[in-house]
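Structure, as structure tokens:
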Amino acid sequence: MTAATDTLTSRLKPEEKQHRLGDLLVSMGKLSARDLERAVSAQAEAGGLLPAVLINLGLVSELDVAEAQARLLGLPFVAAEEFPSLTPEVKGLQPDFLRTNHVYPLQLDESGLTVAMAAPDDAFILKALELATGLTIYPCAAVASDIERALASGDEAVDAEEEPGFEADAGDFVEHLKDLASEAPVIRLVNQVIGRVIDLRASDIHLEPFDDGLHVRYRVDGVIYVAEVVSSQLSAAVNSRVKLMAHLDIAERRLPQDGRIKTRVKGRELDLRVSTVPTVHGESVVMRVLDRSSVRYSLEAMGFAPDNLEHFNQLLARPHGILLITGPTGSGKTTTLYTALSKLDSTAHKIITVEEPVEYQLEGINQIQVHPQIGLTFASALRSILRQDPDIIMIGEMRDGETAQIAVQSALTGHLVLSTLHTNTAAGAIVRLQDMGIEPYLITSSVNGVISQRLVRRLCEHCKSAYAPDPSLVVSSGLQRIGLNPAQLFRAVGCEHCRRTGYDGRCGIHELLVLDDSMRRGILDGLDASALHAKATASGMHTLYEDGLRKVADGVTSLDELLRVTQDHADV
């Protein structure tokens, strides 16, 4: 009695269907052939269904899989906004069965029952629906999370009706929001807000609701700028439009949500990571721009001084050990990691990364996205990938002692491990590892070096202004102390090229701590971060501030900008 299309696909074995689905995703441009091979390998190692593996690895979205599944089976695809606000009442259908099997009733008429299913080719579920209802079943493909949300909102509506005095108008409000978010002026406004990141070279878009409206702000070269204020009447519609684009639940306004938007603006593919949080005035939305082009820079172009670059390359060339990159959020740690990985020969080495999230996909490198909600944490992923015979492992961030312990064990057993830590100085990373429970003798045996970095804004080449520094400034700034006595320095002015800021782009400043015998003795002697920092500088390490002074003397940045970024490091 099931009215599912009896195609060749419906008669294939489950594993054959999965491979057909993978091939179809490749042909649709949702997945590369190389990524499909990686996913098939991961499935062979860890088990599970291929679609789930593809989604868990962050290679495709639930929506991509559902649309491909519909095309493969020759069935209609139903988007969340096409679900009816009121489900048809069907005798014999139990809510628990619908929730467990991701089934949502769409329409009941004389011909039978049309349902949305996350697995529309599952013969057992289709047979169960037939037996329970006595009806002909017409399956459609849909996204599992959309079905879950629709069923949950239906349960809430029933609860509301049963509770006296409660007006069950939440569904109407959501529909109203969807209507507003789909209006041309709102779509045009959101497209303009997103499109402006191209001209501004912004790294983040902030949509912040206040009493007077929705404040739109952009972070450019690490500094926040106010762009415009959208009227409060449009605030909810704009946020809802962004949430729809990111495949988030627009009905959920009380809890934080995370999503992703992939769109094309002015001929460029834009990838945005979306985060929403509730505030007293409404939902605050931040969109982080993930610019793939930022990882194509060479280390030289990122601001590495020749001596630091030489030492960094030497550390990357070592066959085993840990190399850490430290700094606060937004200091470019991930970009440095990706650039370092792209510099390594992925054809001669097996390179595996564990990240949350996978921000950029790198050619020839196996990238794993952690999913703590299903138990795939940094630590559990690391334990598994050690059986994958890697040469080089990149850990997005060392967050806990268990991850740090596995990283140390990996380094001691012949792997090169790259990772990041949130510490203010290179020496502070050593103490942080000790705080995580790593014994000093293990640190000295496994850690090769630590690089701490910040980002300073580059002076605009079109308008920067030269001036002769006062001799007292050369002394007080520390320039003279590190052997620099420039005849001229430069200050920011501002022009149309840099939007009157005086700066255009950013570059890194670095301090690179190499664990030599002297440093190892200091760690074993229990020296604190300050004493280790002093020992490293005595051995020739340039501090963040000193590396910045070299860029000030070269006219790359201004002394004011350096002090803004390193005021807690300017120990002059």
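List of remarks:
- Expressed to the nearest 5 percent, the antiparallel share of DSSP beta bridges inside the chain is 65 percent.
- The charge dipole of the chain, taken about the Cα centre with unit charges on the Cβ atoms of Lys, Arg (+1) and Asp, Glu (-1), comes to about 2260 debye, rounded to the nearest 20.
- Computed over the alpha-carbon atoms, the chain gives an Rg to Rh ratio of 1.03, Rh here being the Kirkwood radius from the mean inverse distance.
- With R₀ fixed at 35 Å, the C-beta to C-beta distance from D23 to V90 puts the FRET efficiency at about 0.45.
- With Cα atoms, 0 to 90° folded angle of helix 33-46 axis to the chain main axis: 80 degrees
- For the chain, cysteines whose Cβ has no other cysteine Cβ within reach (under 4.7 Å): C140, C507
- Each residue, S384 and R264, gets one label point 7 Å from its Cα in the Cβ direction; the gap between the two is 3.4 nm.
- Among 528-536, 340-348, 541-549, 201-209, the peptide with the highest mean count of other Cβ atoms within 10 Å heads the list, and the full ranking is 541-549, 201-209, 528-536, 340-348.
- Taken along the Cα-to-beta-carbon direction at a fixed 7 Å, the label points for D109 and A466 span 8.0 nm.
- For the chain, the per residue solvent-accessible surface stands at 47 Å², with DNA, RNA and ligands left out and a 1.4 Å probe.
- Sorting the segments 434-441, 186-193 by their residues' average number of neighbouring beta-carbon atoms within 10 angstrom, most packed first, yields 186-193, 434-441.
- Per-pair calculated FRET efficiency, R0 = 30 Å: V475 and D528 via Cβ, rounded to 0.05: 0.50
- 3J(HN,Hα) along the range 532-546, derived from phi through the Karplus expression 6.51 cos²θ - 1.76 cosθ + 1.60 where θ = phi - 60°, amounts to 5, 4, 5, 5, 5, 5, 5, 8, x, 6, 7, 6, 3, 5, 5 Hz, with x in place of Gly and Pro.
- Carbon/sulfur fraction of accessible area - the chain, other protein chains in place, 1.4 Å, %: 51 percent
- For the range 200-280, projected area of the alpha-carbon convex hull averaged over all directions, nm²: 5.8 nm²
- All Cα pairs of the range 403-469, percent lying beyond 16 Å: 57 percent
- As a length-normalised measure over Cα pairs under 8 Å and 6 or more apart, the relative contact order of the chain settles at 9 percent.
- Vicinal HN-Hα couplings computed from phi for the range 482-490 (Karplus, 6.51 cos²θ - 1.76 cosθ + 1.60; Hz; Gly/Pro x): 9, x, 10, 9, x, 6, 8, 10, 10
- When the range 314-372 is described by a simple charge dipole with +1 on each Lys and Arg Cβ and -1 on each Asp and Glu Cβ, the residue from G321, S342, S331 located farthest towards its positive end is G321.
- When you filter the GluC sites (Glu not before Pro) in the range 184-284 for DSSP loop state and at most 12 other Cβ atoms inside 10 Å of their Cβ, nothing is left.
- Estimated dipole of the range 226-317 in Debye, rounded to 20 [Cβ of Lys and Arg +1, of Asp and Glu -1, Cα centre]: 520 debye
- Our estimate of slack between A33 and I224, defined as 0.36 nm per intervening residue step minus the Cα-Cα distance, is 64.8 nm.
- Extent along the principal axes, Cα only, for the range 245-383: 52, 39, 28 Å, with the longest axis given first.
- Shown is the FRET efficiency for D307 and V280, computed with R0 = 60 Å from the Cβ-Cβ distance and rounded to the nearest 0.05: 0.75.
- Residue pairs, from the table K333/K535; K343/K551; K127/K243, whose Cα atoms sit over 27 Å apart: K127/K243
- Dipole magnitude of the range 316-395, debye to nearest 20 (Cβ charges: Lys/Arg +1, Asp/Glu -1, about Cα centre): 200 debye
The values are calculated or read from the model by the stated rules, or taken from the named source; none is laboratory data. Just so we're clear, the structure is a prediction, and the values are computed from it rather than from any experiment. When we count neighbours, we look across all protein chains shown, and the Cβ atoms used for this are built from the backbone with ideal geometry, even at glycine. The accessibility values were calculated without ligands, DNA or RNA, using every heavy atom of the protein model including side chains. Shrake-Rupley method; radii C 1.70, N 1.55, O 1.52, S 1.80 Å.
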